[in-house]
Amino acid sequence: MYAIVDIAGQQFKVEKGSKIFVNRLAADVDSSVNFDKVLLIDNEGAVQVGAPYVAGATVKATVMEHCKADKVIVFHKIRRKGLTKKNGHRQYLTKIQIDEIA
């Protein structure tokens with residue numbers, strides 16, 4: 001059984017027990033969060049597709065930790081002008097574990 005869920009504007013395929021990284025959520029560590037924007041549920045071949053969301057479907061998850069992603073280097077160079085610019089960025093993420101698809 002899996003579901004396609006809209007979490008903070010991004011779509012994720014989740015299964016019970018899976019751990020995923022999402023954009024930073026405003027929730028404490030070890031707290032429970034519910035996502036009700038479920039786009040699709042596949043229960044062993046029985047597919048329910050929402051329009052736009054499946055009515056009455058929720059996904060329950062537990063916040064495991066808040067962390068940062070790997071650093072992404074942004075490098076700009078203009079040829080023959082001697083201009084270089086280097087910048088780095090680390091995205092704030094939240095690791096969640098899916099507990100139940102209801």
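Any residue at all in segment 11-19 that's surrounded by 15 or more Cβ atoms within 10 Å (Cβ to Cβ) and within 15 Å of ILE101 (Cα to Cα)?
Among the residues of segment 11-19, at least one is surrounded by 15 or more Cβ atoms within 10 Å (Cβ to Cβ) and within 15 Å of ILE101 (Cα to Cα), which makes the answer yes.
Would you check which residues across segment 64-96 are assigned to a strand (DSSP E or B) and within 18 Å of GLY9 (Cα to Cα) and list them? Give the derivation first.
Let us first name the residues in segment 64-96 that are assigned to a strand (DSSP E or B), namely 64-68, 72-78, 83-89, 92-96.
Matches in segment 64-96: TYR92, LEU93, THR94, LYS95, ILE96.
Give the number of residues within segment 1-33 that are without any contact (Cβ under 8 Å) to a residue 40 or more places away in the chain, closer than 21 Å to VAL54 by Cβ and part of a loop (DSSP other than H, G, I, E, B).
The total comes to 2.
With the requirement that a residue be more than 21 Å from GLY17 (Cβ to Cβ) and under 19 Å from the mean Cα position of the chain (by Cα), what does segment 51-72 give you?
Of everything in segment 51-72, those that are more than 21 Å from GLY17 (Cβ to Cβ) and under 19 Å from the mean Cα position of the chain (by Cα) turn out to be PRO52, TYR53, LYS68, ALA69, ASP70, LYS71, VAL72.
Return a yes/no flag: does segment 40-60 have any residue that is surrounded by 11 or more Cβ atoms within 10 Å (Cβ to Cβ), assigned to a loop (DSSP other than H, G, I, E, B) and among the β-branched types (Val, Ile, Thr). Talk me through it step by step, then tell me what you get.
Step one: list which residues in segment 40-60 are surrounded by 11 or more Cβ atoms within 10 Å (Cβ to Cβ), which gives 40-43, 48-50, 53-54, 57-60.
Of the ones still in play, those that are also assigned to a loop (DSSP other than H, G, I, E, B) are 50, 53-54, 57-58.
In the following step, the residues that additionally are among the β-branched types (Val, Ile, Thr) were identified as 54, 58.
Yes, because at least one residue in segment 40-60 is surrounded by 11 or more Cβ atoms within 10 Å (Cβ to Cβ), assigned to a loop (DSSP other than H, G, I, E, B) and among the β-branched types (Val, Ile, Thr).
Just one of (1) surrounded by 15 or more Cβ atoms within 10 Å (Cβ to Cβ); (2) at pLDDT 95 or above trips up GLU65, so point out which.
Result: GLU65 fails condition (1) only.
When the residues of segment 56-82 are narrowed to those that are out of contact with any His (no Cβ under 8 Å at 6 or more places or on another chain) and among the aliphatic types (A, V, I, L, M), which ends up farthest from PHE35 (Cα to Cα)?
ILE78
The values are calculated or read from the model by the stated rules, or taken from the named source; none is laboratory data. As the structure is a prediction and not an experimental result, all values here were calculated from the model. Neighbour counts run over all protein chains shown; Cβ positions are idealised from the backbone, glycine included.
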